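What follows is one structure encoded as structure tokens, with my remarks underneath.
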């Protein structure tokens, strides 16, 4: 199969990316009934009550008309807005996915965001940009990645009458650096070079985005600094070494729980102080617009390739797509191509940690409420005072208290189902995939695999299920050794 190129496969017109500050003024102004947006990266989030069941529409009394810079604005309390109809064309001209997204940032960052969106719009209109990025994806990253039939896992879930799903892996783990993250890092590095940036910063949880960013910085000879939570540095020591070997400076973040959310906060604080020479390569479909849009487009190649490969291998689109969800970049990358296919079922799998009722989980979609974090409105885990709750997951990459705004929009409109998987269920799937398929998955990916135990007994016939194998598990082996020892898994530990 011929390689599917970045962006060109999803036909993004330059005008699809909103531009000009006036278009965002209503998104950056405080919404009626909502506290003024906190400083970007602040630990405090704005807590709002979710809409009532069924989602009542805003009443006329809750609306307020204002005029800013000559533009008439109508604002409504976000908790009174219900997104009930799915729209595959999001984001809109304000960087909104329904009521989610936007730009909740201080004025010091507006220049950088405006420069970024203008530079991106110019880049995607330039064939030379496509040629360079697509060339790197092919020869440096190793795309396209295969769509692999998981024969023994399929047999494992087969029924006696011959029915049962046919399970396929989209092998993002075979990319250079071992995960999907390199797609985004390559594209944004080329963009940063066009913008004249000499310094790159990034945040990382599981370390895969940090490694991918350090890799492209080594390739282009750019200064690289990666913020990583102290706890994550301990459980992902191998990736810390890889980043340092590649020439990156890894900065430990000890604030809060020392995990991904804290690392992202510190990276944004850095960007505020040095926006002129610095480009921030955000690692997920989170943050202020245009980041959720740009990162989605970088990873859309995953789903575009999957469609063509599915037609070649089984004659049509998959029936079900499954991906793990932390911030949500690998899931959006797979889902985006199929969002308009009403007969394709989309399932995102979050981290239930030690159980949804334990208080130690990262299941934002299951237990989160509306708020603002890291420059974007979305669902997040917070208490009744709007303070972020500490999260827990055996997987560093899913240990995040919020989620990308497009995922929140797809949840509210019912376009995507969101479920959760516990640490123990993910570890069982980690072992099962290793033994049945000879593929050691990342712990993040193991959450998606674990959902098969619940899904497969429910489906009828022989549906084709594609799981995004977002990363390989080399990075997690040391963590898993300790956890298997604690669980008493003698079949592994001896």
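Quick look at the numbers
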| quantity | calculated |
| --- | --- |
| Filter pass, residue 162 being under 24 Å from residue 115 (Cβ atoms) and part of a loop (DSSP other than H, G, I, E, B) | no |
| Residue check, residue 243 assigned to a helix (DSSP H, G or I), touching a residue at least 24 places away in the same chain (Cβ under 8 Å) and closer than 21 Å to residue 117 by Cβ | no |
| Residue identified as assigned by the TED database to the domain that holds residue 325 and in contact with a helix residue (DSSP H, G or I) (Cβ under 6 Å, 6 or more places away or on another chain) among 355, 397 | 397 |
| Yes/no for residue 427 being modelled with pLDDT of 95 or more and either closer than 22 Å to residue 180 by Cα or outside the structural domain of residue 151 (by the TED database) (or both) | yes |
| Flag if residue 207 is at positive phi and either over 16 Å from the mean Cα position of the chain (by Cα) or free of Cβ contacts under 8 Å to residues at least 60 places away in the same chain (or both) | no |
| Hits in region 196-234 - residues which are assigned to a helix (DSSP H, G or I) and buried (at least 24 other Cβ atoms within 10 Å of the Cβ) | 208, 209, 210, 211, 212, 213, 214, 215, 216, 217, 232 |
| Test: residue in region 474-493 that is surrounded by 22 or more Cβ atoms within 10 Å (Cβ to Cβ), in contact (Cβ under 8 Å) with a residue 60 or more places away in the chain, within 23 Å of residue 306 (Cβ to Cβ) and in contact with a helix residue (DSSP H, G or I) (Cβ under 6 Å, 6 or more places away or on another chain) | no |
| Count of region 275-324 residues which are under 21 Å from residue 452 (Cα atoms) and not assigned by the TED database to the domain that holds residue 407 | 0 |
| Single unsatisfied condition, residue 255 versus (1) within 22 Å of residue 190 (Cβ to Cβ); (2) more than 20 Å from the chain's Cα centre (by Cα) | (1) |
| Residue ID - nearest to residue 472 (Cα to Cα), chosen from residues in region 165-181 that are part of a loop (DSSP other than H, G, I, E, B) and under 18 Å from the mean Cα position of the chain (by Cα) | 178 |
| Check on residue 249, out of contact with any strand residue (DSSP E or B) (no Cβ under 9 Å at 6 or more places or on another chain) and in the same structural domain as residue 203 (by the TED database) | no |
| Breaking point among (1) out of contact with any strand residue (DSSP E or B) (no Cβ under 8 Å at 6 or more places or on another chain); (2) in a helix (DSSP H, G or I); (3) surrounded by 24 or more Cβ atoms within 10 Å (Cβ to Cβ); (4) in the same structural domain as residue 121 (by the TED database), for residue 272 | (3) |
| Matching entry among 405, 463, 441, 457 (being under 30 Å from residue 163 (Cα atoms), buried (at least 24 other Cβ atoms within 10 Å of the Cβ) and not assigned by the TED database to the domain that holds residue 206) | 441 |
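The values are calculated or read from the model by the stated rules, or taken from the named source; none is laboratory data. Being a predicted model, the structure only gives us computed values, none of them experimental. Glycine gets a Cβ as well: all are built from the backbone with ideal geometry, and neighbour counts include every protein chain shown.
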